[in-house]
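What follows is a single structure, written as structure tokens, with notes after it.
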Amino acid sequence: MSKTNLKVTENLRKQIENAVNAAMQAGELPEGELPKFVIEEPADRSHGDIATNVAMAGARVFRMAPAKAAQIILSHIDLDNSLIKKYEIAGPGFINFFLSKQYFAEVLREIEREGEHYGDSDFGQGRKVMVEFVSANPTGPMHLGNARGGALGDCLAAVMQKAGYQAYREFYVNDAGNQIEKFAGSLEARYMQLFDESFPFPEDGYQGADIIERAEQFKEEFGDAYMNAEPAERRQALVDFALPRNIKRMQDDMAKYKINFDNWFMESTLHNSGAVKAVVETLREKGMVYEKDGAVWYKNKEVCTDILLKQGKSQDYIDKLELKDDVLIRSNGNPTYFAADIAYHKNKFDRGFEKLINVWGADHHGHVMRLKGAMNAIGYDGDKLDILLMQLVKLVRDGQVVTMSKRTGKAIQLRDLLDEVPVDSARFIFNTREATTQMDFDLDLAIQEDSQNPVYYVQYAHARICSILRNLEADGVKARPCTDEELSLLGAPEEIELIHLLSSFDNEVVAAARDYDPTKVTKYVTNVATYFHKFYNACRVKCDDEGLMQARLSLCTATKTVIKNVLDMFSITCPERM
């Protein structure tokens, strides 16, 4: 909540606690420990601006009807200088409080005073958190899932930062292991086929047109120089040529998508430094591995069973999961992806991050518990690793699912989407649906320049406010600081509701950070735009009463600040003209 709101709420809680103690000392209420009670905003504003259930929560201690206890409590409350103008008892014993006009003036002053920092919170207390997202396989182009994951992960990191964390964005590049061997074999086959069409293509090779494109580029630069080279040398040369170009393409795509990672972490560094082998040895020392069929196995079943039993799951439930152990080192001596993943997450903790957040596709569901369990197994806290599973996204045009790019006639890639849809629109729309829900991304809607497009709707509200300020200034009316008396003139329902909404900005930021759900802030700013349009349509900003006009200009400016703070936080353009 805003500092003004927080000040009122904290003061009210102290007043209530003091009133109960005073009533007990006066013998009007039985002495006893006051249970926890709630102070909250009612869903229906007609029931007040703030409500508490203290009389009902303390019913057993007070040993009287809550409504009567509420009357006694209120008789001991001093609301002078509290920004609360009145109170009433409602229903079975709720106490509802109504805020004074001075409160609403204080909210507008706070927004004006804090400007771009309005909405900042110390909820995270400066703790270091890493958000790892996208982390697409570098053997091919990025796809639609990466588009959704990119917008979600980047905006999640942004709300974490706004909520007071030190948020760090990382992209994990799988530049080692089986997929690179497959990549090498696929490139080799496509390169050799440029000279000999009969050269066999691997059964499990990558079939994409991008592989052919890289092989052709390699031929343009080196010709047939590698035709007669040793296969290992040829494959290494192809990988050394193609992989950096693929990674550069991913970095360019992310930059176009307005995502700037703090670090692109290469999996190969874990292997080259010995970190993967070291973490396997750590597990061995802790008795968590065994050897079978020439491979090294991790006791995943044992670890995950222990986790589930501590969660209260029955053995029957666990048996139905058919948990299995995992290979860490294959019989050929090569580490598995899982072994590298354990080493990577250990590395994250070793870099001082207190919370790790991974944004993964829903198809990784089975990997969640075993990775958290592996952190416990090597002596770290698996509960400090949180994994946000993201559901599938489908592209829709004219009500029909789209699977092929109009431009290339091939499967849609991230860059195809960004060629067709404005980046602002893509980032905003992807954050209108929670990660845990499947999503239909409407291409027609995303390119519309009207109020049906949610980002356009919010951007237009900001531009409209800028237009109001410009037009009035052209007429010789310039916004200035208002007196308390002028701000107290704001009393229309549309004005009060809008100020209420503006005061809850940091509440929404904290909730988004707490729940790993940036869509809360997207929905919030959409509501701000809606409430502003309602205010503007109901209340003339330019009017004969100069004091009221200035007060309404102050409200316009405060709304503009909040919208801009959200759009800036999400790296979305905040236009002054549309």
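Numbers for the structure displayed
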{"quantity": "Nearby aspartates and glutamates by direct alpha-carbon distance to Lys258 (threshold 13 angstrom, same-chain neighbours under 8 apart not counted)", "calculated": "Asp154, Asp424, Asp568"}
{"quantity": "Mean ellipticity per residue at 222 nm, deg cm²/dmol - from DSSP H runs of n ≥ 4 across the chain, formula -39500 (n - 2.57)", "calculated": "-16500 deg cm²/dmol"}
{"quantity": "Nearest-20 debye value, segment 369-471 charge dipole, Cβ charges on Lys, Arg, Asp, Glu", "calculated": "220 debye"}
{"quantity": "Unit charges on C-beta of K, R, D, E only; dipole of the chain, Debye", "calculated": "700 debye"}
{"quantity": "Per residue accessible area in Å² of the chain, where ligands, DNA and RNA are left out and the probe is 1.4 Å", "calculated": "47 Å²"}
{"quantity": "Aspartates and glutamates with Cα under 13 Å of Lys68, excluding same-chain neighbours fewer than 8 positions away", "calculated": "Glu28, Glu88"}
{"quantity": "Full-extension gain in nm, Asn11 to Ala362, via 0.36 nm per residue minus C-alpha separation", "calculated": "121.9 nm"}
{"quantity": "Solvent-accessible area, 1.4 Å probe, carbon plus sulfur percent, for segment 198-349", "calculated": "47 percent"}
{"quantity": "Segment 282-352, dipole about Cα centre (Lys/Arg Cβ +1, Asp/Glu Cβ -1), debye to the nearest 20", "calculated": "240 debye"}
{"quantity": "Within straight-line cross-link reach of Lys101, aspartates and glutamates at Cα separation under 13 Å, skipping those fewer than 8 residues along the same chain", "calculated": "Asp49, Asp484, Glu485, Glu486, Glu495, Glu497"}
{"quantity": "Distance violations [Cα-Cα > 28 Å] among Lys355/Lys520; Lys372/Lys394; Lys3/Lys346", "calculated": "Lys372/Lys394; Lys3/Lys346"}
{"quantity": "Separation in nanometres of the label points that stand 7 Å from Cα toward Cβ, at Phe222 and Asp293", "calculated": "3.5 nm"}
{"quantity": "Percentage relative contact order, segment 405-514, counting C-alpha pairs under 8 Å, at least six apart", "calculated": "14 percent"}
{"quantity": "Relative contact order, percent, segment 158-263 [alpha-carbon distance under 8 Å, six or more residues apart]", "calculated": "34 percent"}
{"quantity": "Using a Förster distance of 25 Å, the FRET efficiency for Asp262-Glu112 (Cβ separation, nearest 0.05)", "calculated": "0.15"}
{"quantity": "Residue pairs, from the table Lys299/Lys384; Lys128/Lys523; Lys7/Lys86; Lys162/Lys384; Lys128/Lys301; Lys523/Lys564, whose Cα atoms sit over 25 Å apart", "calculated": "Lys128/Lys523; Lys128/Lys301"}
{"quantity": "Percent accessible area from carbon and sulfur atoms, segment 57-193, protein chains only, probe 1.4 Å", "calculated": "47 percent"}
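The values are calculated or read from the model by the stated rules, or taken from the named source; none is laboratory data. The shown structure was predicted, so the numbers you read here are calculated from the model rather than taken from an experiment. Neighbour counts run over all protein chains shown; Cβ positions are idealised from the backbone, glycine included. The protein model used for the area step is the full one, side chains on, heavy atoms only, and it has no ligands, DNA or RNA in it. Shrake-Rupley method; radii C 1.70, N 1.55, O 1.52, S 1.80 Å.
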